[in-house]
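Data block below; observations after.
No value in this document is a laboratory result; all are computed from the given coordinates. The shown structure was predicted, so the numbers you read here are calculated from the model rather than taken from an experiment. Neighbour counts are summed over all protein chains in view; Cβ atoms, including those assigned to glycine, are modelled from backbone coordinates with ideal geometry.
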Amino acid sequence: MLRAISAEVQKWRRTWFLLVTIGATLMAPLLVCIAFLIMGRTPEWSQVFGQGMTFSILMIGPLTVTLIGGQLIASEYQYDTWKLSLTAPVPRWMVYVAKWIVGFVWIMALSVLVVAGNLAVGLLLGATGQLEVWLWLKFFLLGGLGMSVMLPVYHLVTLISRNFFVTSGFGIITTFTGIFIINSKYAAIYPQSSILVMLATMTGQPMRPDMIGTWPIWIGIELGIALVALLASTLYMQKADYR
Amino acid sequence: MHETVLATNALTKRYGRRNVVDGVNLTVRRGDIYGFLGPNGAGKTTTLRMVTGLISPSSGGISLLGQNPTRSSRAIMRQIGCLIEGPAFYPHLSGAQNLCLMQTLKGIGHDEKEISELLDLVNLSKTGHQAVERYSLGMKQRLGIAMALLARPRLLVLDEPTNGLDPEGFREIRALLRHLVSDRGITVLLSSHLLHEVEQVASRVGVIREGRLLIEASVEELRHQSQRGLEVSVDRAAAAADLIRERTKLPVEQVNGCTLVVRGKAHAAQICALLVRNDHNVSRLVERESSLEEIFFNLTGGAAHA
């Protein structure tokens with residue numbers, strides 16, 4: 001497994017898409033900065049991180065996860081390089097799981113990056129109030145964990161469609177559905193909106209107080225989606241013909 | 001006794017109702033350069049994809065170095081190097097980095113010496129550190145062969161390795177294959193639709209058409225099977241052909257108004273004497289045998305350069 005992961009890391013170093021994901025991730029703190037500059041007031045730390053979390057988890061994060069999930073698979077089709085991995089003495093399921101691990105770790109690394117970005121924005125704007133970096137780091141890592149639920153879903157869509165266009169369309173639709181659904185009674189059962197509902201509740205500013213206590217169901221749905229997609233993608237890789 | 005490196009048993013691949021590969025029995029022996037010939041769409045690449053595990057057979061079996069290469073037990077793949085349907089690389093990485101990546105996947109660890117040797121072997125030592133996206137097609141083909149040679153494989157599977165190469169590139173690849181077989185003891189399975197390319201380098205050939213293996217033999221055996229004959233340039237070819245048929249009972253083909261070919265064990269002096277005695281004017285008489293191209297042409301139904 002280690003050599004499959006190592007090969008995966010070697011493939012993606014110095015690629016444009018890594019830089020794009022870094023740039024996209026830093027868009028959330030940038031939007032927070034612009035918003036407070038326009039409003040012309042000094043924010044509190046909780047506002048900086050809270051707004052940053054909303055932008056990150058509801059819109060920019062899911063799109064970035066779409067890019068990571070789709071591109072990890074689609075570029076193999078684009079460059080016709082599946083045949084390199086699939087003729088190597090590495091089991092097919094391992095080739096896929098290595099991709100999933102690399103994608104997951106990258107999403108978590110970007111979650112740390114967005115905390116650093118928000119911290120920089122807060123310092124730049126002279127944010128006031130109590131700064132609880134570790135607490136926000138924990139929330140953002142939980143957010144990253146929640147968003148990575150969709151990673152195997154995007155993998156599966158790309159494996160079946162064999163290109164990034166279908167996945168990007170799917171990602172845009174699921175992301176904007178999350179934005180539209182956030183204020184509805186279904187917010188907690190939709191993967192992308194439920195993360196924000198859950199985190200908002202954890203930060204003491206519940207978006208849907210009536211849904212507190214139903215977390216096991218939310219987490220169950222999230223994990224169920226992740227596991228089914230992961231299993232389906234692994235089985236697809238194991239069984240599919242490479243033509 | 002020849003050691004069998006690769007054997008397929010009634011290997012079949014079906015897409016829908018169509019058998020793309022239909023009961024193919026290939027036998028590649030140790031030290032062979034096995035030319036796998038056939039027109040485009042004959043089933044060559046599909047067969048090689050099954051051999052290398054990229055697609056699974058609908059039925060039949062594969063024995064690679066005496067083992068069954070199932071997808072769950074892929075250790076045997078370390079001993080196979082392959083280049084299937086054109087070279088493929090990560091274009092943003094250099095040639096050397098692509099080789100390094102494949103070393104990792106093959107589980108042999110980073111070996112800078114092997115990378116240098118292979119780049120040198122395929123004449124890419126000067127450009128090995130450039131990004132592959134800047135390579136020409138010929139350079140990519142050569143890098144693809146270098147990649148297939150990582151970890152010193154026992155069997156090299158090359159699918160149309162000279163596609164896009166100029167005559168000089170053809171010559172280089174032929175020389176390289178000969179070197180690999182003689183100096184490194186590698187067995188080569190080489191698919192091509194270009195007979196002349198295979199004819200010059202292969203020791204054994206298999207010809208496939210419409211998914212079926214039509215013949216498998218050594219090049220020598222194939223030449224031996226070829227029909228010998230006498231090509232005669234003569235006035236009134238039709239009358240001369242009738243005369244030879246009547247007197248010798250040998251089959252005669254009239255090529256045109258002044259040329260005919262006498263098949264079988266025709267004796268040149270006897271045929272010449274017969275024609276001269278019957279007032280024919282013989283201007284040329286040459287012993288000839290069918291070229292491999294003609295044999296291939298006959299087997300593949302007219303697709304000699306398929």
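Diffusion coefficient of region B:227-289 by Stokes-Einstein, Kirkwood radius over Cα pairs, 20 °C, 1.002 mPa s: 194 µm²/s. Looking at this model, which pairs from A:Lys11/A:Lys185; A:Lys11/B:Lys126; A:Lys83/A:Lys138 are more than 31 angstrom apart at the alpha-carbon? The pairs that break the limit, which is 31 Å between Cα atoms, are A:Lys11/A:Lys185; A:Lys83/A:Lys138. For the peptides A:217-225, A:36-44, B:151-159, residues were scored by their other Cβ atoms within 10 Å and the scores averaged per peptide; the highest-first order is B:151-159, A:217-225, A:36-44. Stokes-Einstein diffusion of region B:67-214 at 10 °C, 1.306 mPa s viscosity, Kirkwood radius from Cα pairs, rounded to a whole number: 99 µm²/s. Over all other residues within a Cβ to Cβ distance under 12 Å of A:Val9, the charged ones net out to +4, with Lys and Arg as +1 and Asp and Glu as -1.
The separation of region B:1-64 from region B:93-122, counted between C-alpha centres, amounts to 29 Å. The angle separating the long axis of helix B:137-148 from the principal Cα axis of greatest extent in chain B is about 70 degrees. Comparing Cα centroids, region A:43-71 and region A:10-24 end up 18 angstrom apart. Taking B:Ser58, B:Ser283, B:Ser218 as the candidate residues, the one with maximal mean-square fluctuation in a Gaussian network model of chain B, Cα springs under 10 Å, is B:Ser283.
Summing Lys and Arg as +1 and Asp and Glu as -1 over all other residues whose Cβ lies under 12 Å from the Cβ of B:Arg30 gives a net charge of +1. Along its three principal directions, the equivalent ellipsoid of the protein assembly as shown from the Cα gyration tensor extends over semi-axes of 67, 23, 20 Å, largest first. Estimated from the Cβ-Cβ distance and a Förster radius of 25 angstrom, the FRET efficiency linking A:Trp16 and B:Leu137 is about 0.60. Which percent, nearest 5, of DSSP beta bridges in the protein assembly as shown are antiparallel? Around 65 percent antiparallel, to the nearest 5. Annotation: amide H of B:Asp235 within the under-5 Å range of B:Asn281, B:Ser283, sequence separation 5 or more or interchain, hydrogens built in the peptide plane. Placing pseudo-labels 7 Å out from each Cα toward the beta carbon at A:Gln78 and B:Ser203 gives an inter-label distance of 4.4 nm.
May I ask for the angle, rounded to the nearest 10°, between helix A:151-161 and the longest principal axis of chain A, with both axes built from Cα atoms and the value confined to 0 to 90°? For helix A:151-161, the angle is close to 40 degrees.
For chain A, relative contact order (Cα pairs under 8 Å, six or more residues apart, normalised by length) works out to 27 percent. Calculate how steeply helix B:95-106 sits against the longest principal axis of the alpha-carbon atoms of chain B, using the helix alpha-carbon long axis, and give the answer as 0 to 90 degrees to the nearest 10. Here the helix axis deviates by roughly 80 degrees.
Taking every C-alpha pair closer than 8 Å and separated by at least 6 residues, the mean separation divided by the residue count of region B:227-289 gives a relative contact order of 48 percent. Computed on chain B, with alpha-carbon pairs under 8 angstrom and 6+ residues apart, the relative contact order is 20 percent. Secondary structure note: in chain B, about 65% of the DSSP beta bridges are antiparallel.
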